[in-house]
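Novice: I am attaching a structure below and will ask some questions about it afterwards.
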Amino acid sequence: MNSRVIAIDGPAGSGKSTTARRVAEGLGYVYIDTGAMYRAVALAVLEHKLEPTQETLDKFLPQLTIRLAVGPAGQQTYLNETNVSTAIRTPEVTALVSRIAALPNVRQYLVEMQRRMAGEGGIVMDGRDIGTNVFPDAAVKIFMIASPEQRARRRWQEMRAGGIDASYEEILTQIQERDRQDSERATDPLRKAADAHVIDTSDLNIEQQSAKVLEIVRALDG
Ligand code: DC
């Protein structure tokens, strides 16, 4: 068992990243957002106007440097040494990334990187296949769920709070489409590991979600 790894998986908008960041802070672990790595590849594909196919990516991936740095402002994502932490969150990247994440060679490349990032200290890693594929021997596996309507509502509220006037229906449709692409792909689809703890976040706030995960981690230590 890999006692230094906490794996948090779940669909888009289930509250994974905020919870994972809080849990990492609480434990003094490093938080790693693997979705940012798939987003960085999607951004590079858009910037270079490439076809999102395995053949193209086979040639292109070795030319990319993706680096995650942990700093006071949280995780920063670098693509070829440019900070792309904001650029990877645009609607264009979000619309493309599930297609990129379905390509087996992209997954293999990033999964190897993720395994190397485990390093010496403890990590909390979030994604879709961390407990099933990246670290199947993780000490603690969490699978976070919430209804698509609840997840869309949260996203919509976040966007409104940020001054973006988005349509709830459109966000819900996008979430349902990403769920479908992420869970129906052939390589390492989104699914719960047999030994994962399921946390339904529909009626929980961030404090309550983080407390639940920490409770599971501490029960293991005790
Ligand atoms: O969590 P996110 O929305 O930033 O993830 C972006 C995309 O990457 C999403 O389509 C799922 C995919 N992804 C994945 O396939 N495997 C991971 N470990 C992390 C993300």
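The values are calculated or read from the model by the stated rules, or taken from the named source; none is laboratory data. This one's a predicted model, so the numbers in the text were calculated from it and none came from an experiment. Neighbour counts run over all protein chains shown; Cβ positions are idealised from the backbone, glycine included. Surface areas here come from the heavy atoms of the whole protein model, side chains and all, with no ligands, DNA or RNA. Shrake-Rupley method; radii C 1.70, N 1.55, O 1.52, S 1.80 Å.
Novice: Counting residues that are aromatic (F, W, Y) and in contact (Cβ under 8 Å) with a residue 12 or more places away in the chain, which strands (runs of 3 or more DSSP E) fully inside the range 56-135 reach at least 3?
Specialist: Answer list for the range 56-135: none.
Novice: Which one of the conditions (1) free of Cβ contacts under 8 Å to residues at least 40 places away in the same chain; (2) out of contact with any Leu (no Cβ under 9 Å at 6 or more places or on another chain); (3) of a type outside the set (A, V, I, L, M, F, W, C); (4) open to solvent by 80 Å² or more (accessible area, probe 1.4 Å) does K212 fail to meet, given that it meets all the rest?
Specialist: Going through the list (1) free of Cβ contacts under 8 Å to residues at least 40 places away in the same chain; (2) out of contact with any Leu (no Cβ under 9 Å at 6 or more places or on another chain); (3) of a type outside the set (A, V, I, L, M, F, W, C); (4) open to solvent by 80 Å² or more (accessible area, probe 1.4 Å), K212 breaks only (2).
Novice: When you scan the range 177-191, do you find a residue that is among the small types (G, A, S), over 16 Å from G10 (Cβ atoms) and at pLDDT 95 or above, even just one?
Specialist: No, the range 177-191 has no match at all.
Novice: Evaluate the range 49-69: report whether one residue or more is within 24 Å of E177 (Cβ to Cβ), open to solvent by 70 Å² or more (accessible area, probe 1.4 Å) and more than 10 Å from the ligand (Cβ to nearest atom).
Specialist: yes
Novice: Can you work out which of the residues in the range 37-48 that are more than 10 Å from the ligand (Cβ to nearest atom) and not hydrophobic (A, V, I, L, M, F, W, C) is nearest to T77 (Cα to Cα)?
Specialist: E47
Novice: Only one residue in R128, R185, R180, R155 is within 15 Å of the ligand (Cβ to nearest atom), over 23 Å from T19 (Cα atoms) and surrounded by 13 or more Cβ atoms within 10 Å (Cβ to Cβ). Which one?
Specialist: R185
Novice: Looking for whichever is among the small types (G, A, S) and within 22 Å of A95 (Cα to Cα) here; the options are G122, G163. Which one fits?
Specialist: Result of the check over G122, G163: G163.
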